[in-house]
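Here the structure is laid out as structure tokens; the discussion comes afterwards.
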Amino acid sequence: MTADGPSAKRPPHMLLEVPLRPEISLLLPAVLLLGACDRQSADNAQASANVAAETAATPPEFKADKLGQVSRDNEGEAAPDTPFTAPDGSETTLAAFRGKPVLVNLWATWCAPCVAEMPTLDALAEREGERLQVLVISQDMDGAEKVAPFFEKAAFKRLQPYLEPGMALSVGYGANLPTTILYDAEGKEVWRVLGDTDWTGKPAADLIAEAI
């Protein structure tokens, strides 16, 4: 009796090829897209998403005055017309916020750097009041199912849960998470910051002053 072996017509390595499970196939594009969080495995991303409400309790160490990478490559471009969901469930776009500067933050509950900077965004929104609209737009694929418990636990003073579960904004911007974009009162981009940032720090304040 001879041992079974690979077919003469099939290269040996073909025996090692196993189709991805459907859920992993669907998750991989999101993991590759969400940059500052893109190095976690698909399984880790899914596990994190399943406990999104708990991630706020254990954010990574956050450095005061931290500033992500500032890019002005898209300066002067108009805000996209991609629709997203307002806290009251209605559909809106960035055009609805023209008339004053708008700071758009793309984030997700499972993204630890995103979670870490959220309190500083809330403090910024409270400090600037009506001078600056701070929009935190979740890219969680499960939408309110993940975001609502997170906001309930965080008890932010000013931030409101905007949702865009289709991730069209991230794709349109070619953005990793977190990414934050400042628009002037006319809806034109001033700059964008790639990566988590201390939005209460002086470096961030100096940047924001460019549009206020």
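The values are calculated or read from the model by the stated rules, or taken from the named source; none is laboratory data. Predicted, not measured: the structure shown is a model, and the values here were computed from it. So basically every Cβ, Gly included, is an ideal-geometry build from the backbone, and we count neighbours across all protein chains shown. Areas reflect the complete protein model, heavy atoms only, side chains present, ligands, DNA and RNA absent. Shrake-Rupley method; radii C 1.70, N 1.55, O 1.52, S 1.80 Å.
Restricting region 159-212 to residues that are within 16 Å of SER138 (Cβ to Cβ) and among the small types (Gly, Ala, Ser) leaves a set whose member that is surrounded by the most Cβ atoms within 10 Å (Cβ to Cβ) is SER170.
Inspection of region 105-128 finds no residue satisfying the criterion of being touching a residue at least 60 places away in the same chain (Cβ under 8 Å), open to solvent by 40 Å² or more (accessible area, probe 1.4 Å) and farther than 24 Å from LYS63 by Cβ. Remark: SER71 falls outside the filter, which requires a residue to be modelled with pLDDT of 95 or more and exposed (fewer than 12 other Cβ atoms within 10 Å of the Cβ). When ALA96, ALA123, ALA86 are checked against the criterion of being touching a strand residue (DSSP E or B) at 6+ places or on another chain (Cβ under 6 Å) and over 14 Å from GLY195 (Cα atoms), ALA86 stands alone in meeting it.
Of all the residues in region 126-149, those that are in contact with a strand residue (DSSP E or B) (Cβ under 8 Å, 6 or more places away or on another chain) and over 11 Å from THR180 (Cβ atoms) number 11. When each of ALA204, ALA168, ALA175 is tested for being among the small types (Gly, Ala, Ser), more than 21 Å from THR92 (Cα to Cα) and in contact (Cβ under 8 Å) with a residue 24 or more places away in the chain, the lone residue that passes is ALA204. The number of residues in region 81-108 that are more than 13 Å from GLU164 (Cβ to Cβ) and under 16 Å from the mean Cα position of the chain (by Cα) comes to 1. With respect to (1) surrounded by 21 or more Cβ atoms within 10 Å (Cβ to Cβ); (2) farther than 17 Å from GLU189 by Cα, the lone exception for PRO87 is condition (1). Taking the criterion of being open to solvent by 20 Å² or more (accessible area, probe 1.4 Å) and part of a strand (DSSP E or B), the only residue of region 129-158 that qualifies is GLN133. From the list TYR162, TYR183, which one is more than 16 Å from ALA108 (Cβ to Cβ) and of a type in the set (Ser, Thr, Tyr)? Result: TYR183 is the single residue among TYR162, TYR183 that is more than 16 Å from ALA108 (Cβ to Cβ) and of a type in the set (Ser, Thr, Tyr). The residues in region 163-174 that are under 12 Å from THR82 (Cβ atoms) and either in a helix (DSSP H, G or I) or not charged (D, E, K, R) (or both) can be counted, and the count is 8.
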